[in-house]
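Some notes on the structure that comes next.
Each value in this text was obtained by applying a stated rule to the coordinates, not by laboratory testing. All values reported here derive from a predicted model rather than from experimental measurement. With ideal geometry, Cβ positions are generated from the backbone for all residues, glycine too; neighbour counts draw on all protein chains shown.
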Amino acid sequence: MMNAAKTLGAVIVLAATTAACGAGGPGAPANTSTPPVVTTPSDLPTSLPASPPVAKPPMSRPTVGPPPSDRMLPPSQVETQLPAQVSAENGGLNVHLELSGCDEARANLAEENAQRVVVHVTIDHGKPGQMCPQVIRYVVLPVKLAEPLGTRTVVL
């Protein structure tokens, strides 16, 4: 019974405080609101200000995949076990690879004859136990040829 009386008293005090705060009790600012401003259609501007010209974004190259200017060879002209693509440009070859973390790659011309071009690709995966970032990098490895590729097959 004693707890009920304390709870009832606390509720009454809380209700009185809430009513005093919401009713603008002593020390509350006086009502200083001004009437709303009404605009008529004649007060509105008849034309909109001219907007500044918007500049076109600069042309950019894609950030993944082979660069669009390279001439990619059809899959039928490339024999490989690697996830790689090959392009022919400026009388040579470009081997396009995706590498991760600490990977490093090299491409060397191993053999070149009238039927095919053999390129030896070496990928080093870093030292055992070495901490490597979890990123994918796109690399292009150039290979110089004695003669333009033409219709020869590329073997990686």
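Just a few scattered comments:
- Any hit, segment 110-125, residues being within 15 Å of Val78 (Cα to Cα), among the charged types (D, E, K, R), in contact with a Ser or Thr (Cβ under 9 Å, 6 or more places away or on another chain) and assigned to a strand (DSSP E or B): yes
- Residue pairs meeting the criteria (Cβ under 6 Å; at least 6 apart or on separate chains; first free of Cβ contacts under 8 Å to residues at least 40 places away in the same chain, in segment 134-156; second of a type in the set (Gly, Ala, Ser)): Ile136/Ser100
- Selection within segment 87-126 - polar (S, T, N, Q) and exposed (fewer than 13 other Cβ atoms within 10 Å of the Cβ): Asn90, Asn108, Asn113, Gln115, Thr122
- Qualifying positions in segment 132-156 - touching a Ser or Thr at 6+ places or on another chain (Cβ under 9 Å) and among the hydrophobic types (A, V, I, L, M, F, W, C): Cys132, Val135, Ile136, Val140, Val154, Val155, Leu156
- For segment 108-139, filtering for residues that are small (Gly, Ala, Ser) and touching a His at 6+ places or on another chain (Cβ under 7 Å) leaves 1.
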